[in-house]
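Data first, discussion second: the structure below is written as structure tokens.
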Amino acid sequence: MEHRPTSRCTVVDTFPSFLELWGRVQGQPLQAKIEAWLAQFHAEWPVLAAKLNDSYVEEGLQWRQVLGERVFPFLPQRVPLMTEAYGHLLDCIEPTYLQAQQAVSGLDLDVCFVILAIGYGGWATSYQGTPACLLGLDTIVECGWTSPGVLTGLVAHELGHLLLSHLRTRCQLPDGTGPFWDLYTEGFAQRCEHVFGGSDSWHMQHGQDAWLSWCTERRSWLATEYLKTVAAGEAVYDFFGSWPEYNICGQHQCGYFLGHEVILAWEESAKLEEIALLTAEEVGSRVKQTLAEL
């Protein structure tokens, strides 16, 4: 008998509220716009506001400063593209969720998709007790991820993170920490993006010329650089960040490619569901070993 998941997805949509505010404040001074949006966002979505603020604090950043330097000065140019991407997201969320459920048997969980005007491009987390994918339209536009196919890949990627967390939680496996764990989780999510969608979509390549060929040609070098960075005790932001200052020779988010290659190598002898259930200690030693082999 065909397995029919009983879980479902819901959408929390904050973008119409932002558009209404933007129509009223876009001609005001920069700081006035920021304060008006923060006041409205805190009033209407207090849990989300606290979650975003706490995340920036954990990274040693001030949310208001990020908004003032990296977000609001660019909104006049971005809002039309944010509106375009918003429409595509509404169209692709549920079909991508259903396609992911058909691709793997373990994605039997309710998921809440939260559409944000301003926030991280993709963040797999939880919202009001439910596994959640937070999708920030301003970052999506900044990265150039506005087409339907690319947004489908982004949604699938974040669902991959939720699948990994769900499988581990169900088996009471604690998560790990550190740069090898980061490479494992991002690689797993990227591999899921391809498995769920049935093609090698690589959503992060859009907006970057020749990204995939650049990474492919330098796979061994990237593995060596990652090992050197970890051995030196340095942060690996350059491998994962989308901000201009975080890059490897001008290419952003190369760590997603590298992590995918690690997971792909492991799939020669294990299924994704089995790879999800490695202990944190196994992940650390095996990632290091595979990078050396790459």
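The values are calculated or read from the model by the stated rules, or taken from the named source; none is laboratory data. Small disclaimer: the values here were computed from a predicted structure and weren't measured. So basically every Cβ, Gly included, is an ideal-geometry build from the backbone, and we count neighbours across all protein chains shown.
Could you please let me know if Leu183 is surrounded by 21 or more Cβ atoms within 10 Å (Cβ to Cβ) and outside the structural domain of Gln289 (by TED's automatic domain parsing)? Spell out how you get there, then give the answer.
Working: surrounded by 21 or more Cβ atoms within 10 Å (Cβ to Cβ): yes; outside the structural domain of Gln289 (by TED's automatic domain parsing): no.
Spelling it out, it is not the case that Leu183 is surrounded by 21 or more Cβ atoms within 10 Å (Cβ to Cβ) and outside the structural domain of Gln289 (by TED's automatic domain parsing).
This table checks each residue for (1) buried (at least 20 other Cβ atoms within 10 Å of the Cβ); (2) closer than 17 Å to Pro179 by Cβ.
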| site | (1), (2) |
| --- | --- |
| Leu222 | yes, yes |
| Thr229 | no, yes |
| Glu273 | no, no |
| Ala280 | no, yes |
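So, in the range 202-219, of the ones that are of a type in the set (A, V, I, L, M) and under 20 Å from the mean Cα position of the chain (by Cα), which residue ends up surrounded by the most Cβ atoms within 10 Å (Cβ to Cβ)? Full working, then the answer.
So in the range 202-219, the residues of a type in the set (A, V, I, L, M) come out as 204, 210, 212.
Restricting the remaining residues to those that are under 20 Å from the mean Cα position of the chain (by Cα) gives 204, 212.
Working: Met204: 30, Leu212: 13.
Among those that are of a type in the set (A, V, I, L, M) and under 20 Å from the mean Cα position of the chain (by Cα), it is Met204.
Which of the following residues is out of contact with any His (no Cβ under 7 Å at 6 or more places or on another chain) and closer than 28 Å to Glu84 by Cβ: Leu173, Leu116, Leu164, Leu154? Break it down into steps so the answer makes sense when it comes.
On the way: Leu173 fails: closer than 28 Å to Glu84 by Cβ; Leu164 fails: closer than 28 Å to Glu84 by Cβ; Leu154 fails: out of contact with any His (no Cβ under 7 Å at 6 or more places or on another chain).
The conditions single out Leu116.
Counting residues that are at pLDDT 95 or above and over 18 Å from Tyr120 (Cα atoms), which helices (runs of 4 or more DSSP H) fully inside the range 1-73 reach at least 3? Before you say what the answer is, go through the steps one by one.
On the way: elements: 15-25, 30-44, 46-58, 63-66.
Result: 15-25, 30-44.
Modelled with pLDDT under 95 and crowded, with 23+ Cβ neighbours inside 10 Å: which single residue out of Ala132, Ala117, Ala100, Ala156 fits that description?
Details: Ala132 fails: modelled with pLDDT under 95; Ala117 fails: modelled with pLDDT under 95; Ala156 fails: modelled with pLDDT under 95.
The match here is Ala100.
Answer yes or no as to whether Gln40 is farther than 20 Å from Gly129 by Cα and surrounded by fewer than 16 Cβ atoms within 10 Å (Cβ to Cβ). Don't jump to the end; show me each part of the working.
On the way: farther than 20 Å from Gly129 by Cα: yes; surrounded by fewer than 16 Cβ atoms within 10 Å (Cβ to Cβ): no.
So Gln40 does not fit the description; no.
Output the qualifying pairs, or none if there are none: Cβ atoms under 8 angstrom, residues six or more apart or on different chains, first residue in the range 265-293 and of a type in the set (S, T, N, Q), second residue modelled with pLDDT of 95 or more and part of a loop (DSSP other than H, G, I, E, B).
From the range 265-293, the pairs are Thr279/Leu173.
Check Val150 against each of (1) over 22 Å from Ile115 (Cα atoms); (2) under 13 Å from the mean Cα position of the chain (by Cα); (3) hydrophobic (A, V, I, L, M, F, W, C) and name the one condition it does not meet.
(1)
Of all the helices (runs of 4 or more DSSP H) wholly in the range 91-199, which have at least 1 residues that are closer than 17 Å to Gly259 by Cβ, among the small types (Gly, Ala, Ser) and touching a residue at least 12 places away in the same chain (Cβ under 8 Å)?
Details: elements: 137-143, 148-170, 179-197.
Because the criterion is at least 1 residues that are closer than 17 Å to Gly259 by Cβ, among the small types (Gly, Ala, Ser) and touching a residue at least 12 places away in the same chain (Cβ under 8 Å), the helices (runs of 4 or more DSSP H) in the range 91-199 that meet it are 148-170, 179-197.
So which of Val230, Val236 is without any contact (Cβ under 8 Å) to a residue 60 or more places away in the chain and within 26 Å of Gly119 (Cβ to Cβ)?
Details: Val230 fails: within 26 Å of Gly119 (Cβ to Cβ).
The conditions single out Val236.
Quick one: which residue in Glu35, Glu44, Glu20 is among the acidic types (Asp, Glu) and in contact with a helix residue (DSSP H, G or I) (Cβ under 8 Å, 6 or more places away or on another chain)? Before the answer, list the steps.
Numbers: Glu35 fails: in contact with a helix residue (DSSP H, G or I) (Cβ under 8 Å, 6 or more places away or on another chain); Glu20 fails: in contact with a helix residue (DSSP H, G or I) (Cβ under 8 Å, 6 or more places away or on another chain).
Among Glu35, Glu44, Glu20, only Glu44 is among the acidic types (Asp, Glu) and in contact with a helix residue (DSSP H, G or I) (Cβ under 8 Å, 6 or more places away or on another chain).
Please state which of the following conditions Tyr256 fails to meet, knowing it meets all the rest: (1) closer than 23 Å to Gly144 by Cα; (2) surrounded by 13 or more Cβ atoms within 10 Å (Cβ to Cβ); (3) without any contact (Cβ under 8 Å) to a residue 24 or more places away in the chain.
Only one criterion is unmet by Tyr256, namely (3).
Among the residues of the range 7-23, count how many are among the aliphatic types (A, V, I, L, M) and either exposed (fewer than 12 other Cβ atoms within 10 Å of the Cβ) or closer than 13 Å to Leu90 by Cβ (or both). Before you say what the answer is, go through the steps one by one.
Kept after step one, since they are among the aliphatic types (A, V, I, L, M), are these residues of the range 7-23: 11-12, 19, 21.
Now drop any that are not either exposed (fewer than 12 other Cβ atoms within 10 Å of the Cβ) or closer than 13 Å to Leu90 by Cβ (or both), which leaves 11-12.
Number satisfying all stated conditions: 2.
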